[in-house]
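Asks: I'd like to ask you about the structure that follows.
The values are calculated or read from the model by the stated rules, or taken from the named source; none is laboratory data. What you see is a predicted model, and the numbers here were worked out from it, not measured in a lab. With ideal geometry, Cβ positions are generated from the backbone for all residues, glycine too; neighbour counts draw on all protein chains shown.
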């Protein structure tokens, strides 16, 4: 594996996506090649969490230069822990977090690295737009923390950024790791929402990468619906110690 | 109807009663209250509340609101106005993203969808049919729940409470009296920090009885400011963020809801207890109340359910199969009453006390009073329900009835000066008033419901098994008048029983032995 200089490590988590895993990798490959064509070096860390056999075979069959891929098999059964494991295995200065069943605009990696330089190291970038498809068709523009109507108070009842899509310096993810939730055991859910709250309370700024979009696949029985069914709620966060600050 | 919606719209000035009634003739003819009609039916029927708001247009242009099925005017007042959403057809569309028209998805996104559709997944290709399905989702920045949450947190003196009692109010009543006993017990524990939250918008005169060291937060004043689901999130966040060792719910619907929806998360750091005393009954005679509404979906999160009588815990065990170990019977303590003289006399004065509502059956009292004109009935309590008005008016009209009005706790009741205490309730646990009467030594005639039989057995008083049988009450009352010495022996037996079983010492002792209820249990058992 080329460990000499990696600009961005792409952490992708899988569990039971089956064919969708292949489609998603096609989408991320499209982003990655676009980034490489702009002089950005990349590596993959695929985290296979309690992976089913079919998804595993699809991933192992995926046509890619294996020297650029680290595959981790874990049994966390938890998205937050899986991402943390993946992050620990990266060598890039920057990390991109991807879900194994979504799609991304071709420029998502390249533009984000550009804007991370522009906005500074304490920035966490999200796609400007979300388009959801599958069980529900909708779209919306995420919220930029520097915009006037942003308010920490709003995070009590709503997450402002879809899924865990983010690109930031590796140090950001190391300083503020995801918190394991395991909603069926703890009742805590929405680890991405929680991570957003924790990072904001630690002074990081969530911004949008202009003209980028994430495509969010809504599936029946998805993790979000399991969280809703199990009465999942975000774990305690420092952010709510004082919403006035 | 949600009352907060009514007042929110009323205050907004966006409902024009005259406009509404002029526009909709059928409403004018049939509806008693125009705004009530708009909230209940009007908006669903696409009617406009005034010339300033177009219901259908708002729903069309804000599909996220339509999808949630919420009142569009309420949404506009609370969020839409601030978010710049338009409400009136003459307004120009301020932001083209708020429509379902395919043009509103930025063209560069459509271009990207085409590329992904061609190269990766055809199902995402944005043909016209598919594009027409896309709804706009406006990421909401609703600050009100956060503002209210912060106001509540600001009232918490501590970051860590050993006990939090969730009560609807603190009125003059039996459940409130027992709640105060629990609070007193908690405050007496070493290093305890006690929080009381009140969740229903009613007067709480007995807040004055709460020890000074206890923090009291009136949450009820915020209820009108938030939809229920947001209020639920606010109180659940409070429970998650503030360290609370023991949450004890005594008749607070909102905290029952928090446990129902988020119990698993709450119990990560908090032991949850509840008190349940008896069922209520609806007009069809069906049992209703917290035990029925919440226990089947919450029992797995609860450490212990306290009841004040064995009857109710056995009933719930028999009906639902809850483990017997879930319940702990705590006999309510009473220690301050006016003691009966216990001297036979020719006095024929009957004391009745309680809420003059459907549960306490003032209609039975009325019919008994009519049948014993030679006795005088002294009635303590205030009417609560409009439905009992005629009965109460008739009671007032009887010459042998003296209406004495509200009383401030059982300790103020004149057990000392009456011949007997009459109790006609249709359902109950073991009411504090019965324990108090027994402690005073006054002979008792009582309907045999709930746990009353646990105190007033036949050798301790006069139980009426068929509670509708007026003649049985009359017969028992006359027996007391005619055979006072025998009646007083029964009363002494009841007094002795209560003195042995309903003491504060025994109540506190049982609490001390309830796992996790006090800190040394939390430390040693966890």
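Asks: How many residues are within 15 Å of residue B:70 (Cα to Cα) and in contact with a strand residue (DSSP E or B) (Cβ under 7 Å, 6 or more places away or on another chain) when one looks only at region B:1-52?
Replies: 0
Asks: Could you say whether any residue in region B:42-50 is part of a helix (DSSP H, G or I) and in the same structural domain as residue B:132 (by TED's automatic domain parsing)? I'd like the intermediate steps shown before the answer.
Replies: The initial filter retains those residues of region B:42-50 that are part of a helix (DSSP H, G or I), namely B:42.
If we keep only those that are in the same structural domain as residue B:132 (by TED's automatic domain parsing) too, we end up with B:42.
Yes, region B:42-50 contains at least one residue that is part of a helix (DSSP H, G or I) and in the same structural domain as residue B:132 (by TED's automatic domain parsing).
Asks: So in region B:96-125, with the set limited to residues that are within 11 Å of another protein chain (Cβ to nearest Cβ) and under 24 Å from residue B:43 (Cα atoms), which one is modelled with the lowest pLDDT?
Replies: Looking at residues that are within 11 Å of another protein chain (Cβ to nearest Cβ) and under 24 Å from residue B:43 (Cα atoms), I get B:97.
Asks: Sticking with this structure for a sec: Pick out the one residue from B:262, B:277 that is crowded, with 16+ Cβ neighbours inside 10 Å and assigned to a helix (DSSP H, G or I).
Replies: Values: B:277 fails: assigned to a helix (DSSP H, G or I).
The match here is B:262.
This table checks each residue for (1) under 18 Å from the mean Cα position of the chain (by Cα); (2) within 12 Å of chain B (Cβ to nearest Cβ); (3) part of a strand (DSSP E or B).
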{"residue": "A:95", "(1), (2), (3)": "yes, no, yes"}
{"residue": "A:118", "(1), (2), (3)": "no, no, no"}
{"residue": "A:128", "(1), (2), (3)": "yes, yes, yes"}
{"residue": "A:136", "(1), (2), (3)": "no, yes, no"}
{"residue": "A:144", "(1), (2), (3)": "yes, yes, no"}
{"residue": "A:148", "(1), (2), (3)": "no, yes, no"}
{"residue": "A:160", "(1), (2), (3)": "yes, yes, no"}
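Asks: Now for a different question. Starting from region B:126-151, take each residue that is at the interface with chain A (Cβ under 7 Å from one of its Cβ atoms) and under 12 Å from residue A:131 (Cα atoms) and list its partners that are modelled with pLDDT under 85 and crowded, with 21+ Cβ neighbours inside 10 Å, counting only C-beta distances under 7 angstrom and pairs at least six apart or across chains.
Replies: B:136/B:98
Asks: Another question, if that's okay. Take the residues in region A:21-47 that are away from every other protein chain (no Cβ under 14 Å) and assigned to a helix (DSSP H, G or I); name whichever of them is surrounded by the fewest Cβ atoms within 10 Å (Cβ to Cβ).
Replies: Per the criteria, the residue is A:37.
Asks: Which of the residues belonging to region A:162-190 are in a helix (DSSP H, G or I), touching a helix residue (DSSP H, G or I) at 6+ places or on another chain (Cβ under 7 Å) and modelled with pLDDT under 95?
Replies: Across region A:162-190, the qualifying residues are A:183, A:186.
Asks: Yes or no: region A:32-39 includes at least one residue that is farther than 18 Å from residue B:119 by Cβ and touching a residue at least 24 places away in the same chain (Cβ under 8 Å).
Replies: yes
Asks: Here is a follow-up. Does residue B:192 qualify as being in the same structural domain as residue B:271 (by TED's automatic domain parsing), modelled with pLDDT of 95 or more and surrounded by fewer than 18 Cβ atoms within 10 Å (Cβ to Cβ)?
Replies: So residue B:192 does not fit the description; no.
Asks: If you take the residues of region A:213-236 that are more than 9 Å from chain B (Cβ to nearest Cβ) and under 20 Å from residue B:121 (Cα atoms), which of them is modelled with the lowest pLDDT?
Replies: To start, the set of residues in region A:213-236 that are more than 9 Å from chain B (Cβ to nearest Cβ) comprises A:214, A:216-229.
Within this subset, residues satisfying the condition of being under 20 Å from residue B:121 (Cα atoms) are A:214, A:216-220, A:222.
Numbers: A:214: 98, A:216: 95, A:217: 92, A:218: 86, A:219: 77, A:220: 71, A:222: 57.
Only one residue tops the list, namely A:222.
Asks: Within region B:288-306, identify whether any single residue is over 18 Å from the mean Cα position of the chain (by Cα) and within 14 Å of chain A (Cβ to nearest Cβ), and answer yes or no.
Replies: The answer is yes; a qualifying residue exists.
Asks: Going through region B:152-174 one residue at a time, which ones are more than 8 Å from every other protein chain (Cβ to nearest Cβ) and surrounded by fewer than 21 Cβ atoms within 10 Å (Cβ to Cβ)?
Replies: Quick first cut of region B:152-174, residues more than 8 Å from every other protein chain (Cβ to nearest Cβ) only: B:152, B:154-174.
Matches in region B:152-174: B:152, B:154, B:155, B:156, B:157, B:158, B:159, B:160, B:171, B:172, B:173.
Asks: Something else: In region B:366-389, what residues are over 27 Å from the mean Cα position of the chain (by Cα) and not in a loop (DSSP other than H, G, I, E, B)?
Replies: Of all residues in region B:366-389, those over 27 Å from the mean Cα position of the chain (by Cα) come to B:366-378.
If the condition is that a residue be over 27 Å from the mean Cα position of the chain (by Cα) and not in a loop (DSSP other than H, G, I, E, B), then B:366, B:367, B:368, B:369, B:370, B:371, B:376, B:377, B:378 are the ones that fit.
Asks: Out of the residues in region B:233-267 meeting the condition of being more than 15 Å from residue B:198 (Cα to Cα) and either more than 14 Å from every other protein chain (Cβ to nearest Cβ) or without any contact (Cβ under 8 Å) to a residue 12 or more places away in the chain (or both), tell me which one is farthest from the chain's Cα centre (by Cα).
Replies: B:245
Asks: Residue A:72 - would you say it is outside any helix (DSSP H, G or I) and over 27 Å from residue A:133 (Cβ atoms)? It would help to see each step written out before you state the result.
Replies: On the way: outside any helix (DSSP H, G or I): yes; over 27 Å from residue A:133 (Cβ atoms): yes.
It is true that residue A:72 is outside any helix (DSSP H, G or I) and over 27 Å from residue A:133 (Cβ atoms).
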